[in-house]
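Readers should treat all values here as calculations from the given coordinates under stated rules, not as data from a laboratory. Note that the structure is predicted; figures quoted are calculated from it, not measured. Neighbour counts run over all protein chains shown; Cβ positions are idealised from the backbone, glycine included.
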Amino acid sequence: MSGQERKAKGSDLFVAALENEGVDRIFGIPGEENLDLVESLRTSKIELVLTRHEQAAAFMAATHGRLTGKPGVCLSTLGPGALNLSTGAAYAHLGAMPMILITGQKPIMSSRQARFQIVDVVATMKPLTKLSRQIISASSIPTVVRDAFRVAMEERPGPVHLELPEDIAGDEVPAVPVIPVHPIEIPVAHRAALDRAAEMILAARRPLVMMGAATSRPRSTHGIASFVRRTGIPFFTTQMGKGTVPGGTNLYMGTAALSERDYVHDAIDAADLIVAIGHDPIEKPPFIMGPSGPKVIHVSYTPASVELVYFPDAEVVGDVGPSLELLADRLEGKLPQAAALLPLREEILTHIADRATEARWPPTPQRIVHDIRQVIPENGIVALDNGMYKIWFARNYRTRVANTLLLDNALATMGAGLPSAMMAAMLYPERRVLAVAGDGGFMMNSQEMETAVRLKLNLVVLVLEDNAYGMIRWKQAVDHFADYGMTFGNPDFVVYAKAYGAKGHRIESIDSFGRTLDAAFKEGGVHLVVIPIDYSENVRVLVDELRAHEKSKA
């Protein structure tokens, strides 16, 4: 360049590195420490999606990672803004969702504002992420960003935090090229491990397969479905493993919404071998291992951590899909006992469907789940917040496509349902997307209704109203504590929705529920539907009925 070296600003290098990774959106709320980065984004191909709270931005970025396998990106300023990302970081960390968190910071070479708003965010994020680091040189930005995406996507996936100080973002340095991105293939399981697992399965008299959280990785679906089809072994799922085997196999035995005593545990207790595919012990245990229980084979991308409730007898570690294909090669046509537990299926699923069409008012959770299933197509997405209804969706909502029930059984935080649904609606505008939240969880991030309306999303938000933190209130009652400290009042949700420019609907009879949801989807735009819920079934089914069922088996 005629003797003069080309210069580039740190923030321009950062945005170029993000574009190199295929980033098309960043979610968040900038501050003055991000202004160079915001200016670089303004002239880039990346859209800055402004949210109303940093927590929601983190939930959206994490859900992007969950649904695509590629890191979502969120942005905040220093101090209070960065700390608001922490719940979303933990959500992604426990849920194995690849994500990049970018936070600002005061200049590190000198600061005219002393320690105003300064918190050690790098140290704060370390236990909540796979990697947390401060960028101290503009020239290192392309390398640091490439490494951050590599770490976020490697098994086990998760969040990575990068702090970009104000002076590094604004520093002009000789231009540095981006680092080329290349695919990385995960090794398949070792032959000896496959042989050992095959020998155990061939010797089993009552085998059972469990699909865990890691089976929802987009890369795994084909191999998992093929394994089930070729072996004919019935399967159940954890809460986060729902939908990972396409419909039509007639081998689904249910979902372990509870850790024990539920009807699906009839099959678990009868099994002499469980092939646990993609189980992540970060989930609430789907069953409790014990010395008299079945043997367990762990099949996953990473080795099993030994837990009090999970200590497998053998492990098949490697790329799950191809490894299962190799395992099926050793088993296909050699398992006359594969379907030994299948006769239990009809009774289990019949119990789960009990009272699903009961015309009680207010409606039961079973009826609400049933009616939602009628208006959501197979590829439609239901994003749950966290509350008592989550157990009912886990038990009763049948899924046939992976990642069509976005359920968090890891951090299990309230407030994530609406932002997660918004991300799904942005990624899949042609699908029906429903957010389901209790009145408590909805109000924790309800301000994002404005974001959804501003983005012109097609989204239906269902609020289940019981005027209480229902799950804790239920637990309080089950443990024989006094009913205290769990109830609250609510705004008029119909008026509340209209204040944001959305459509509001209050359900007055169960017969109108499904019709209202269907009409809202057909009309398009953002709709809020509020319906009361009768949680008396929590005690009748999840305590009294299951306790009686357990006694009848004894």
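Couple of notes before you dig in:
- Taking a Cβ cut-off of under 12 Å around Ala421, the surrounding Lys, Arg, Asp and Glu residues balance to a net charge of 0, with basic ones at +1 and acidic ones at -1.
- Cα-projected label distance for Lys456 with Glu260, points at 7 Å along beta-carbon direction, nm: 5.5
- Degrees between helix 221-231 axis and first principal axis of the chain (Cα, 0 to 90, nearest 10): 20
- Between segment 511-553 and segment 191-231, the Cα center-to-center distance that results, in Å: 33
- Proximal lysines to Lys70, defined as alpha-carbon separation beneath 23 angstrom and excluding residues fewer than eight positions away on the same chain: Lys45, Lys126, Lys130, Lys242
- Convex hull projection area averaged over all views, segment 354-542, Cα basis, nm²: 10.2
- The chain has equivalent-ellipsoid semi-axes of 41, 31, 20 Å, by the square roots of 5 times the alpha carbon gyration tensor eigenvalues, sorted largest first.
- Over segment 184-260: Kirkwood hydrodynamic radius from C-alpha pairwise inverse distances, Å: 13.7
- Structure-based [θ]222 nm, the chain - -39500 (n - 2.57) summed over DSSP H runs of at least 4, per residue, nearest 500: -10500 deg cm²/dmol
- Between helix 365-375 and the chain: long-axis angle, C-alpha atoms, 0 to 90°, nearest 10: 70
- Nitroxide proxy distance, nm - points 7 Å out along Cα→Cβ at Glu346 and Arg133: 6.0
- Computed over segment 200-347, the alpha-carbon pair-distance distribution with 5 angstrom bins reads 2, 11, 22, 26, 23, 13, 3, 0, each value a whole percent.
- Rel. contact order, % - alpha carbon contacts under 8 angstrom, at least six apart, the chain: 12
- Note on segment 7-174: Cα-only Rg and Dmax are 14.2, 43 Å.
- Taking the C-alpha atoms of segment 336-391, convex hull volume expressed per residue in Å³: 133
- Efficiency of FRET between Asp120 and Ser226 - r from beta-carbon atoms, R0 56 angstrom, step 0.05: 0.70
- A cut-off under 11 angstrom between Cβ atoms defines the neighbours of Arg25, and their net charge, with Lys, Arg +1 and Asp, Glu -1, is -1.
- Zone residues, segment 254-297, relative to Ile186, backbone N less than 13 Å from point 7 Å out along Cα-to-Cβ: 277-280
- Label point 7 Å beyond Cα of Trp361 along Cβ direction - residues of segment 508-530 with amide nitrogen under 17 Å: 508-517, 530
- Shape category assigned to segment 136-178 from the gyration tensor of Cα positions, a/c cut at 1.5: oblate
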